[in-house]
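The values are calculated or read from the model by the stated rules, or taken from the named source; none is laboratory data. Given the structure is predicted, the values throughout are model-derived calculations rather than measurements. Note that we place each Cβ from the backbone using ideal geometry, even for glycine, and neighbour counts take in every protein chain shown. To get the accessible areas, we keep the full protein, side chains included, count just its heavy atoms, and leave off ligands, DNA and RNA. Shrake-Rupley method; radii C 1.70, N 1.55, O 1.52, S 1.80 Å.
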Amino acid sequence: MNNSIKLAILGLGTVGTGVVHLLQDNLNELKRRSGYNIVISQVGTRKHRDDIDTSIKQTDDLFSICESDDVDIVIELIGGTTVAKDVITHAITHGKHVVTANKALLAEHGNELFNLAEANKVHVTYEASVAGGIPIIKVLRESLASNKIDWLAGIINGTGNFIMTEMRDKGRSFADVLEEAQELGYAEADPTFDVEGIDAAHKLALLASIAFGMPLAFDQVYCEGITKITTQDVEYAEDLGYRIKHLGLAVRRQQPDGTDAIELRVHPTLIPEDKLLASVNGVKNAVLVNSHPLGQSLYYGAGAGAGATASAVVADVMDLIRVLNTDNNGHHVEHLSFQPELLTDYKILSPEQITSGYYLRLHTEDHPGVLADVTRILSESGINIDAILQQPAHKAGHVPVIILTQPIIAQKMNQAIAQIEKLDTVTDEVVRIRLEELDED
Ligand code: HSE
């Protein structure tokens, strides 16, 4: 290798432009750390950009870039799962290492792309794909490599967290905050990915695979968005000492036969207000990891935006320079953290088999015995009540009742709610939101 590392950046949107700026701003520090001049030799862009240094070749032929001898590392920042997949495949088969921020592509096609990379003796690095600038991939693959991970819980979509925070703190409307998140470059090209939890599910699939050592299983992530959360529920939750956060959870559950199964789920969740995760606001992300023997550790930082994502992209470049600098590309961590032939096909529990606590909101008629009927159904279903809050009647004869329960398998809760909704005295559908105490076990 000569004393320059040549990068190609494919895609000059918010993140691509952020990477160009970072490489300019921190040029000297990057050289002092890596020992190399890190230069951009080519950029792949549909439209010519006048603000890019004239020494950098601009082209819209992404495939030719991947074949060029003038490129050591290809940085894919196009997004999406079609062209990006073809381009990364082309780069891998032409012996190029790849850096990508593309969580959707890896969550859906990572098993195939990582196998291809291993066969071609190159690496696909993806720190920027989860939680923006927080080095959570490195933490799980390297820093916690000595631990057995029991569960992790993360606020892993900045846009969703920004929306929920602004709605709660400033009473702003959902649409208004979403528009601002789009202007700030936080939101996905299709913002329903943010608010319906799909983006978080992509990221959760990646985190779970490297935490537990299992193939990517995005299609088995249970996913609920934030669009149905009301300010009323936010307020009741706060009255009871909880905050509602949109969490991604990956949980190892021991089964009666002694084997482990995995819960993969993204949904709004009540968490105790005194947990640090409850104070993660705005576009910030955080991931709480419960592992043995460390116990709980929490990772916090900017989860979206040009600078945060560029920070992770260039950190991957620095790792790949070490790989390029060793014989036979030897110095590397396995793509999914564990030896590929030792990945375990854990059973992923179905939505009905997921265990969690619950917040229930019911509207009932206001006369004797109504609450007794509800609590009898819960008790007969083996559901333990933690707290009950009955508000004064807000319209003639109807009272909102809030119930918090201890953890129970979803199947039992679904059956109990179906029975409660059949009571003549319960006037509306029961609102349910999951609840997690996030205690160290
Ligand atoms: N749309 C994503 C978010 C961008 O809001 O978190 C970072 O992956």
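Worth a mention:
- Flag for Gly197 being in contact (Cβ under 8 Å) with a residue 12 or more places away in the chain, at positive phi and within 12 Å of the ligand (Cβ to nearest atom): yes
- Qualifying residue in region 323-332 (condition: within 16 Å of the ligand (Cβ to nearest atom) and within 30 Å of the chain's Cα centre (by Cα)): no
- Qualifying positions in region 279-312 - open to solvent by less than 10 Å² (accessible area, probe 1.4 Å), β-branched (Val, Ile, Thr) and within 12 Å of the ligand (Cβ to nearest atom): none
- 3 or more residues under 16 Å from Glu436 (Cβ atoms): qualifying strands (runs of 3 or more DSSP E) within region 260-310: 260-272, 284-292
- Residue match in region 2-9 (condition: surrounded by fewer than 18 Cβ atoms within 10 Å (Cβ to Cβ), within 17 Å of Ala315 (Cβ to Cβ) and of a type in the set (S, T, N, Q)): no
- In region 147-173, the residues that are in contact (Cβ under 8 Å) with a residue 12 or more places away in the chain and loosely packed, with under 15 Cβ neighbours inside 10 Å: Lys148, Asp169, Gly171
- Of residues in region 128-164 being within 16 Å of the ligand (Cβ to nearest atom) and β-branched (Val, Ile, Thr), the one nearest to the chain's Cα centre (by Cα): Ile156
- Thr93 vs. criteria under 29 Å from Thr227 (Cα atoms), in the same structural domain as Val333 (by TED's automatic domain parsing), touching a residue at least 12 places away in the same chain (Cβ under 8 Å) and more than 14 Å from the ligand (Cβ to nearest atom): no
- The C-beta contact set for region 267-292 (first residue on the phi < 0 side of the Ramachandran plot, second residue open to solvent by 20 Å² or more (accessible area, probe 1.4 Å) and of a type in the set (Val, Ile, Thr), distance under 9 angstrom, 6+ apart or interchain) comprises Pro268/Ile229.
- When each of Tyr222, Tyr186 is tested for being touching a strand residue (DSSP E or B) at 6+ places or on another chain (Cβ under 7 Å) and hydroxyl-bearing (Ser, Thr, Tyr), the lone residue that passes is Tyr222.
- When we screen Ala187, Ala205 for residues that are open to solvent by less than 50 Å² (accessible area, probe 1.4 Å), assigned to a helix (DSSP H, G or I) and within 16 Å of the ligand (Cβ to nearest atom), the only hit is Ala205.
- Considering residues of region 111-146 that are without any contact (Cβ under 8 Å) to a residue 40 or more places away in the chain and under 19 Å from Ile75 (Cα atoms) only, the residue least open to solvent (accessible area, probe 1.4 Å): Leu113
- The condition of being more than 10 Å from the ligand (Cβ to nearest atom) and touching a Pro at 6+ places or on another chain (Cβ under 6 Å) holds for only one of Asn111, Asn120, that being Asn111.
- Tally of residues being open to solvent by less than 10 Å² (accessible area, probe 1.4 Å) and assigned to a loop (DSSP other than H, G, I, E, B) across region 75-100: 0
The rows are residues; the columns are (1) open to solvent by less than 20 Å² (accessible area, probe 1.4 Å); (2) more than 17 Å from the chain's Cα centre (by Cα).
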{"residue": "Ile226", "(1), (2)": "yes, no"}
{"residue": "Thr231", "(1), (2)": "no, yes"}
{"residue": "Ala237", "(1), (2)": "yes, yes"}
{"residue": "Val251", "(1), (2)": "yes, no"}
{"residue": "Leu277", "(1), (2)": "yes, no"}
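- Checking each residue in region 190-202 for being surrounded by fewer than 24 Cβ atoms within 10 Å (Cβ to Cβ) and not hydrophobic (A, V, I, L, M, F, W, C) picks out Asp190, Pro191, Thr192, Glu196.
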